[in-house]
Amino acid sequence: MKTYRPTTPSKRHETTVTYRGVLTTSTPEKSLTHGYKRSVGRNNQGRITTRHKGGGNKRLYRDVDFMYNKHDIPAKVATIEYDPNRNAFIGLVVYADGEKRYTVLPKSVKVGDKFIVSEKAPLTTLNRLPLSVIPVGTFVYNVEVKPGNGAKMVRSAGTFAQVVANDGGYTNLKMPSTEVRKVSEKCWATIGEVSNSEYILQNYGKAGKSRWKGIRPTVRGSAMNPVDHPYGGGEGAQGRGLRRAKSVYGKPTGKGQKTRTPKKYSNMFVVSRRKVGKSRKSK
């Protein structure tokens, strides 16, 4: 991590990821970039569905390959780059047929490293294989949910899933949330852990940096009026006055409460629920 001299109150506590010695270029591949409009928490009707999003610096979008549909063609890592749209590092990979694509990189990868997407690929970092041939105990990322549908799970910086068992056409994966989940053994996954594991240790140092990132201020519920939040109202500072924590919508939230939808379509694939609250923090 990079620290700064305390030239201002915010610099005293600010910490950032060290890019020097890790990233190899600051200029993205032009053919794989384009502008785009961020949703900033709005749905297709323009209504806010996720609060505290908006503003921030303009971003250039990098087309990252999550389909991995070039099978049995070796590729080489040409660059390691920063992507403003995700917290993991990405890399420009060049396939043997000359095609260039961006991909999410694992930990400890270097320029010049080679990989292949193949059912017969060796079990080395960055190679991509079906879950049916990946042995128990292996760390994987960029995991598919449906065969051939592209990587959907385990893509954030520093995360990995662990293969726990193979049984009855399914692979049991222990997810970063501690949930154990069944995934079809025909789904593909990449060997390794996602890069930039120090990302979670950053300290922005000041409110303004959150605004640059597109994160808007969060007001405490207890500081609101009763009409605006279940915790609102009262003369002076008040506790929430409720046995269980609630969100602004009156739904259970945090503090070890179960918030998963009881009839969620994927409940049948969950072998064991994730650990929440104090029990998870202590482990």
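The values are calculated or read from the model by the stated rules, or taken from the named source; none is laboratory data. As the structure is a prediction and not an experimental result, all values here were calculated from the model. No Cβ is skipped: glycine too gets one built from the backbone with ideal geometry, and neighbour counts run over all protein chains shown.
Among the residues of region 140-166, the ones that are out of contact with any helix residue (DSSP H, G or I) (no Cβ under 9 Å at 6 or more places or on another chain), assigned to a strand (DSSP E or B) and buried (at least 20 other Cβ atoms within 10 Å of the Cβ) come to 4 in all.
Note on region 114-129: residues that are farther than 9 Å from THR190 by Cα and in a strand (DSSP E or B) amount to 2.
Scanning region 189-205 for residues that are farther than 19 Å from LYS107 by Cα and surrounded by 16 or more Cβ atoms within 10 Å (Cβ to Cβ) gives TYR204, GLY205. Where strands (runs of 3 or more DSSP E) fall wholly inside region 1-111, the ranges with 2 or more residues that are among the hydroxyl-bearing types (Ser, Thr, Tyr) and surrounded by 13 or more Cβ atoms within 10 Å (Cβ to Cβ) are 100-104. The combined condition, being assigned by TED's automatic domain parsing to the domain that holds ASN127, out of contact with any Lys or Arg (no Cβ under 7 Å at 6 or more places or on another chain) and under 28 Å from ILE48 (Cβ atoms), is not fulfilled by SER247.
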